[in-house]
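Peer 1: Here you go, one structure.
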Amino acid sequence: MEISRRHFLKIGGICVLGLVAQPLVKAFAQSDVSKASRDPKALTGKKWGLVFDATKCKYSEGCRECILSCHRTHNVPAIDDKKEEIKWIWAEPYENAFPGQGHEYIAAEIKEKPFIVLCNHCTDPPCVRVCPTKATFKREDGIVMMDYHRCIGCRFCMAACPYGARSFNFKDPRPFIKEENKEYPTREKGVVEKCNFCVERLDAGLMPACVEACPHKALFFGDLEEPGSDVSKILRSHYTIQRKPELGTRPNVYYIIV
Amino acid sequence: MIRMRDKPYIILGLVIFLGLLAFPFWYNVGKASAAPEPSLDTPAIRQLSQKQCVEARSYMRKSHMQLLNDWRNWVVRDGDRIYVAENGKKYEISLQNSCLQCHSNKAQFCDQCHNYVGVAPDCWTCHIEPEENK
Amino acid sequence: MLNKALSGSKGYWSWVVFLLILIGLGFACYLWQLNKGLTITGMSRDVSWGLYIGQFTFLVGVAASAVMVVLPYYLHNVKVFGKITVLGEFLAVSAIIMCMLFIFVDLGKPMRILNMILYPTPNSIMFWDMVVLSGYLLLNIVIGWKVLECEHQSVTPPHWTKILTYISIPWAVSIHTVTAFLYAGLPGRHYWLTAIMAARFLASAFASGPALLILLSYIVRRFSKFDPGKEAIQKLAAIVTYAMIVSVFFVGLEFFTAFYSRAPEHGMYTLQYLFAGLDGYSKLVPLMWLFAVLAVVALILLINPKTRSNDSGLKIACVATFVSLWIEKGLGLVVGGFIPNPFERVTEYAPTVPEVLITLGVWAVGFLLLTILYKIAVSVKEETA
C-alpha cells in the first residue's frame, strides 16, 4: 500500500488528537462517587469570621501565645531574614495595619498599638481571582484555602493580596522549623503559604489554634451568618472596623479598637 | 541533499545516537537487582488482629497511588476527612496520621518499591516521615 | 531553508558561540536556583516579582514589532514594508519565546507548569496571557516561515497566510492588553491600578518594538547584502516617534493624577519612591532619572526631522527609546508597584548576580533564535534579490 506524506501526516495527526482526547474522556467518564465524608465532629459554618479585641490583647506586655501556637501547630518556619520571612499571624502597629485610617494628632498609644493581623479570608478574595491553577480557592464555609500540591509558585496571589498576608518559600523551610508538629505537614521551597483559619482543626471539631491559645480572650471565632454566634453578637454590640474596606474585598477579620 | 560520500558520517552518527538511546539498557546489563519485598513488620501492624490495610492487598498494590490522589483531593479541596472503605469501615484520611501510623517503616515499605520501579513521588518534601524504627 | 543557518562567516559563528556561552552561564545559574530556590535572587516577601517578570513585561512590548510592519503593509498598502514584514515577525517570535522563558524561570515550582493547562482557570488573567502569547507565537512563526518559504521558491504565498495575518493584527493588541490586565486589576496596588495601563502598554510597545526593529535593520544592512530600505526605516521611525510621544504623555498623565489629586491611592508614594526616594530609600532614583533623560533625548532626536532622517541620529534615538522604555517598564513599573508594601513600609529590591546571569541567559536564547531566524531570512532575501 502506498501512503503519501500528506496522508501519513493526516493519520498521525488524528492519532495524536486521540491520545490527547483519551485522558479527557477518561476524566469525564470517571464516576464521581466520592467515598469520603465529613467528620461528624466537624464544626460547620456558612461564613467563618474572626474578631480581634485590641482592648484585651496583651501583646505589648510580651504575650505571643496566638502567634506561637499557630506557628507551632502549622510548622511555620522561623526565618530571621525579613525579606524571606514566613508568617501566618503576626502583629502590626495601628498605623501600618490600617494605613490611611489614622491622622497626625492621633494618640500615640493608639498609633503604636499592636494589632494581630492574618489572612482576612475575604468574601471577594483577589488572590483566588488571580490564581492560574485554582491552587488558592474558596471553600463553601468562606475559608480561603491553599492546595500546596498544586501551587506553581508564580506569586500572582502575593501581588494581588492587599494585606501582605502571603509568604513565599524562597528556600527549603525544613531547617528553620524548631520543633516539628508530626501531625501536620510542612511546606516545601517554591510554594506560597498563608493562614488557613485552622481548616484541619475546624474539620475535627476544634477552634482555631490562635483563638484557643489566647489567654486574655482577645480573639473570637465563629459563623458570621449565625446570629447566635460569639462573633455575630460582638459585631452587633461593638464598633468594629476592617482592614482596607475601601478595596471591596470584604474581609472577614474585624477589629475592636477602643 | 544527501551525498554518497557523506554515508560513513551518517552511519556513524546513527550508531552514536542509537548507542546513547540504549544507554539505560547496556549500562544496567548484568546488574539485575533483587525484586523488592516490602516489609509489613512494624510494631503497629504486629498488634493488629486482622492484618488488612484500608482496602484489600491486591487493590492497594495496584491502586494506592490513585487512592492517595483521591484522598488528597477529598481532604484539601472538599474538606471530607473520613474515608469509607469497601467493607464499611471508616478511617481518617491522612498520609501522616493514618498510613504512616501503621507503615512506620517508610524505607522498607515505600522507598524499596519506588526505587525499584524508578519513581520518585515528592510526598516527603512536605509530609513528615516517621522516625524509622530499626 | 534551515541549512542556511549552518553556513556563515567567522563573525557569525563567533557571535553564536558568544551567545552559547551566555546561555551556558545562565543555565548553570538556573540549575543553582532550581536547587536552592528563589532565595538566590533579590526578590523578597514584599517585592515578590523582580527582574524576571520585568523582562517578561517589557518583551511582550517588543513583540509588537510584527504588527507595526504588518498592519501598514496589509491594511494600508504601505509597500516599503513588504521587504521587512518577516523581520518584524521573527523578532516577535524571539521576543515571545523570551517572555515564556522569563515566566518559567520565575516560577517557584516550574515542574508543575502544566497545572495551568490541567486546571484551566478562566478567571485568572495569567491563564489568558498564556493563551494569547502562545497564539501570537504560533501565528508569527507560521506566517513568517511560510511566506519566506514561498519567497525562497519564488511562488505567491497561499491565501491562508493572508487570513492568518489579518487575525494576527487584533491578536497583537490582545497580548499587550492582557499583559497590562495582569497588573491593572489588583485592588491593593495603587501604582498599577490605573485604567490607562493597557493604553500605556500599547504605546510603549509600539515604540520599543519598532525601535529595536530599526536597529536590527541597520545591523542587517551592515552585515549582509540585504538592504531593508531607507524608506522602510524612515516609516518605522515615524511610528516610533508617535508612539514615544504618546508613551511619555501617558506617563505624564499618571503624574498629574497622582500629584494634583494628592490621593495616595493613585500611586503618589510609588512615584515619589521612584523619582525622589521615600523614607530615605532611593535605590531606583538614578535609573528613573536616566529614563527621563533618555526619553527626552529620544523625543528631541525623533521629533526633529533632520536628526530623524539622519542615520546616526536615528540610531541614537532608537537606542535611547529602547533603553528608556526598558527602565520604565522592565524595572520601574514592576518593582515600583510593590513599593510601598501593604503596610506602607519600603522594602527595596536589587537583583543579585545569579539573577542577572539567568536574565542574560534568557536574552541570549532569544538573540540566538533571532540570529538564526534572521540569518535564514536574510540569506533568502539575498538570493531572491
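The values are calculated or read from the model by the stated rules, or taken from the named source; none is laboratory data. Keep in mind the model is a prediction, meaning the values are calculated, not measured. Positions of Cβ are backbone-derived with ideal geometry, glycine not excepted, and every protein chain shown enters the neighbour counts. Please note that ligands, DNA and RNA were not included when accessible areas were found on the heavy atoms of the full protein model with its side chains. Shrake-Rupley method; radii C 1.70, N 1.55, O 1.52, S 1.80 Å.
Peer 1: Name the residue, out of B:ASP70, B:ASP6, that is closer than 30 Å to C:ASN3 by Cα and within 14 Å of another protein chain (Cβ to nearest Cβ).
Peer 2: That would be B:ASP6, the only listed residue that is closer than 30 Å to C:ASN3 by Cα and within 14 Å of another protein chain (Cβ to nearest Cβ).
Peer 1: Determine the pairs where a residue that is charged (D, E, K, R), located within the range B:114-132, has a partner that is surrounded by 11 or more Cβ atoms within 10 Å (Cβ to Cβ) and part of a loop (DSSP other than H, G, I, E, B) with Cβ atoms under 9 Å apart, the partner being 6 or more residues away or on another chain.
Peer 2: That search, which allows pairs on different chains as well, returns B:ASP122/A:GLU188; B:GLU131/A:LYS182; B:GLU131/B:SER104; B:GLU132/B:SER104; B:GLU132/B:ASN105.
Peer 1: Can you confirm whether the range C:92-112 contains a residue that is aromatic (Phe, Trp, Tyr), open to solvent by 60 Å² or more (accessible area, probe 1.4 Å), free of Cβ contacts under 8 Å to residues at least 60 places away in the same chain and farther than 21 Å from A:PHE156 by Cα?
Peer 2: no
Peer 1: Restricting the range A:81-112 to residues that are out of contact with any strand residue (DSSP E or B) (no Cβ under 9 Å at 6 or more places or on another chain) and surrounded by 12 or more Cβ atoms within 10 Å (Cβ to Cβ), which is farthest from the other protein chains (Cβ to nearest Cβ)?
Peer 2: Only one residue tops the list, namely A:ILE110.
Peer 1: Here is a further query. Evaluate the following for C:ALA320: is it surrounded by fewer than 16 Cβ atoms within 10 Å (Cβ to Cβ) and touching a helix residue (DSSP H, G or I) at 6+ places or on another chain (Cβ under 9 Å)?
Peer 2: no
Peer 1: Further question: Hey, can you tell me all the residues within the range A:162-199 that are more than 7 Å from chain C (Cβ to nearest Cβ) and closer than 16 Å to A:CYS119 by Cα?
Peer 2: A:ALA165, A:ARG166, A:VAL192, A:GLU193, A:LYS194, A:CYS195, A:ASN196, A:PHE197, A:CYS198, A:VAL199
Peer 1: Still on this structure, I have one more. Can you find a residue that is surrounded by fewer than 14 Cβ atoms within 10 Å (Cβ to Cβ) and farther than 19 Å from B:ASN115 by Cα anywhere in the range B:67-74?
Peer 2: Yes, that holds for at least one residue.
Peer 1: Right, here's the next one. Go through (1) in a strand (DSSP E or B); (2) farther than 30 Å from C:THR121 by Cα and name the single condition A:LEU50 misses.
Peer 2: (2)
Peer 1: Would you pick out the residues in the range B:27-43 that are of a type in the set (A, V, I, L, M) and either without any contact (Cβ under 8 Å) to a residue 12 or more places away in the chain or more than 22 Å from B:PRO121 (Cβ to Cβ) (or both)? So that I can check it myself, show each step before the final result.
Peer 2: Initial filter on the range B:27-43 (of a type in the set (A, V, I, L, M)): B:29, B:32, B:34-35, B:40.
Within the range B:27-43, B:VAL29, B:ALA32, B:ALA34 qualify.
Peer 1: Mind listing just one residue for me: the one in the range C:55-91 that is open to solvent by less than 20 Å² (accessible area, probe 1.4 Å) and aromatic (Phe, Trp, Tyr) and, of those, farthest from C:VAL356 (Cα to Cα)?
Peer 2: Top of the filtered list is C:PHE81.
Peer 1: Exactly one of these conditions fails for C:THR121: (1) in a loop (DSSP other than H, G, I, E, B); (2) open to solvent by 10 Å² or more (accessible area, probe 1.4 Å). Give me its number.
Peer 2: (2)
Peer 1: Hey, can you tell me all the residues within the range C:135-150 that are of a type in the set (A, V, I, L, M, F, W, C) and within 17 Å of C:LEU370 (Cβ to Cβ)?
Peer 2: Passing the criteria: C:LEU137, C:ILE141, C:ILE143, C:TRP145, C:LEU148.
Peer 1: So, one more: Taking A:THR240 as the residue in question, decide whether it is buried (at least 16 other Cβ atoms within 10 Å of the Cβ) and either small (Gly, Ala, Ser) or within 11 Å of another protein chain (Cβ to nearest Cβ) (or both).
Peer 2: Answer is no for this residue.
Peer 1: Taking the stated definitions as given, is B:VAL76 within 14 Å of chain A (Cβ to nearest Cβ), without any contact (Cβ under 8 Å) to a residue 12 or more places away in the chain and within 30 Å of A:ASN196 (Cα to Cα)?
Peer 2: Yes, satisfied.
Peer 1: Considering only the range C:242-281, state which residues are open to solvent by 50 Å² or more (accessible area, probe 1.4 Å), more than 19 Å from C:ALA295 (Cα to Cα) and either of a type in the set (D, E, K, R) or within 24 Å of the chain's Cα centre (by Cα) (or both).
Peer 2: Selection gives C:ARG262, C:GLU265, C:ASP279.
Peer 1: Only one residue in C:ILE214, C:ILE143, C:ILE233, C:ILE239 is open to solvent by less than 20 Å² (accessible area, probe 1.4 Å), of a type in the set (A, V, I, L, M, F, W, C) and under 18 Å from the mean Cα position of the chain (by Cα), so which one is that?
Peer 2: Result: C:ILE214 is the single residue among C:ILE214, C:ILE143, C:ILE233, C:ILE239 that is open to solvent by less than 20 Å² (accessible area, probe 1.4 Å), of a type in the set (A, V, I, L, M, F, W, C) and under 18 Å from the mean Cα position of the chain (by Cα).
Peer 1: Further question on the same structure: Go over the candidates A:VAL258, A:VAL211 one by one and state the one that is modelled with pLDDT under 95, β-branched (Val, Ile, Thr) and either within 26 Å of A:GLY45 (Cα to Cα) or assigned to a loop (DSSP other than H, G, I, E, B) (or both).
Peer 2: When all the criteria are applied, what remains is A:VAL258.
Peer 1: Can you tell me which residues in the range A:125-142 are within 10 Å of chain C (Cβ to nearest Cβ), over 13 Å from the mean Cα position of the chain (by Cα) and assigned to a loop (DSSP other than H, G, I, E, B)?
Peer 2: If the condition is that a residue be within 10 Å of chain C (Cβ to nearest Cβ), over 13 Å from the mean Cα position of the chain (by Cα) and assigned to a loop (DSSP other than H, G, I, E, B), then A:CYS131, A:PRO132, A:THR133, A:LYS134 are the ones that fit.
Peer 1: If you take the residues in the range C:32-85 that are among the small types (Gly, Ala, Ser), within 14 Å of chain A (Cβ to nearest Cβ) and not in a helix (DSSP H, G or I), which one is nearest to C:TYR374 (Cα to Cα)? Please lay out each step first, then the result.
Peer 2: Kept after step one, since they are among the small types (Gly, Ala, Ser), are these residues of the range C:32-85: C:37, C:42, C:44, C:48, C:50, C:54, C:61, C:63-66, C:82.
Among the residues that remain, those that are also within 14 Å of chain A (Cβ to nearest Cβ) are: C:37, C:42, C:44, C:48, C:50, C:54.
Okay, now just the ones that are also not in a helix (DSSP H, G or I), so C:37, C:42, C:44, C:48, C:50.
Values: C:GLY37: 36, C:GLY42: 35, C:SER44: 39, C:SER48: 36, C:GLY50: 30 Å.
Checking each candidate, the answer is C:GLY50.
Peer 1: Return the total of residues in the range B:81-110 being touching a Phe, Trp or Tyr at 6+ places or on another chain (Cβ under 6 Å) and part of a helix (DSSP H, G or I). Step through it out loud before you land on a result.
Peer 2: Here is the first cut: in the range B:81-110, the ones touching a Phe, Trp or Tyr at 6+ places or on another chain (Cβ under 6 Å) are B:83, B:91, B:93, B:98, B:103.
When the remaining residues are screened for being part of a helix (DSSP H, G or I), the result is B:98.
Residues flagged as touching a Phe, Trp or Tyr at 6+ places or on another chain (Cβ under 6 Å) and part of a helix (DSSP H, G or I) within the range B:81-110 amount to 1.
Peer 1: To continue, here is another question. Does C:VAL155 meet the test of being among the β-branched types (Val, Ile, Thr) and either assigned to a helix (DSSP H, G or I) or within 14 Å of chain A (Cβ to nearest Cβ) (or both)?
Peer 2: Numbers: among the β-branched types (Val, Ile, Thr): yes; either assigned to a helix (DSSP H, G or I) or within 14 Å of chain A (Cβ to nearest Cβ) (or both): no.
So C:VAL155 does not fit the description; no.
Peer 1: Among C:ALA180, C:ALA172, which is the only one that is modelled with pLDDT under 95, open to solvent by less than 40 Å² (accessible area, probe 1.4 Å) and more than 30 Å from C:GLU383 (Cα to Cα)?
Peer 2: Values: C:ALA180 fails: modelled with pLDDT under 95.
Of the residues listed, the single one that is modelled with pLDDT under 95, open to solvent by less than 40 Å² (accessible area, probe 1.4 Å) and more than 30 Å from C:GLU383 (Cα to Cα) is C:ALA172.
Peer 1: So is A:CYS151 closer than 28 Å to C:ILE339 by Cβ, assigned to a helix (DSSP H, G or I), within 14 Å of chain C (Cβ to nearest Cβ) and at pLDDT 95 or above or not? Steps first, please.
Peer 2: On the way: closer than 28 Å to C:ILE339 by Cβ: yes; assigned to a helix (DSSP H, G or I): no; within 14 Å of chain C (Cβ to nearest Cβ): yes; at pLDDT 95 or above: yes.
No.
Peer 1: Does B:SER94 satisfy the condition of being farther than 19 Å from A:MET145 by Cβ and open to solvent by less than 30 Å² (accessible area, probe 1.4 Å)?
Peer 2: Answer is no for this residue.
Per-residue answers, yes or no, for (1) open to solvent by less than 10 Å² (accessible area, probe 1.4 Å); (2) of a type in the set (Val, Ile, Thr):
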{"position": "A:PHE137", "(1), (2)": "no, no"}
{"position": "A:ASP141", "(1), (2)": "no, no"}
{"position": "A:VAL144", "(1), (2)": "yes, yes"}
{"position": "A:HIS149", "(1), (2)": "no, no"}
{"position": "A:ASN169", "(1), (2)": "yes, no"}
{"position": "A:GLU179", "(1), (2)": "no, no"}
{"position": "A:PRO185", "(1), (2)": "no, no"}
{"position": "A:GLY190", "(1), (2)": "yes, no"}
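Peer 1: Kindly indicate whether B:ARG72 is over 28 Å from B:ALA34 (Cβ atoms) and part of a helix (DSSP H, G or I).
Peer 2: The answer is yes for B:ARG72.
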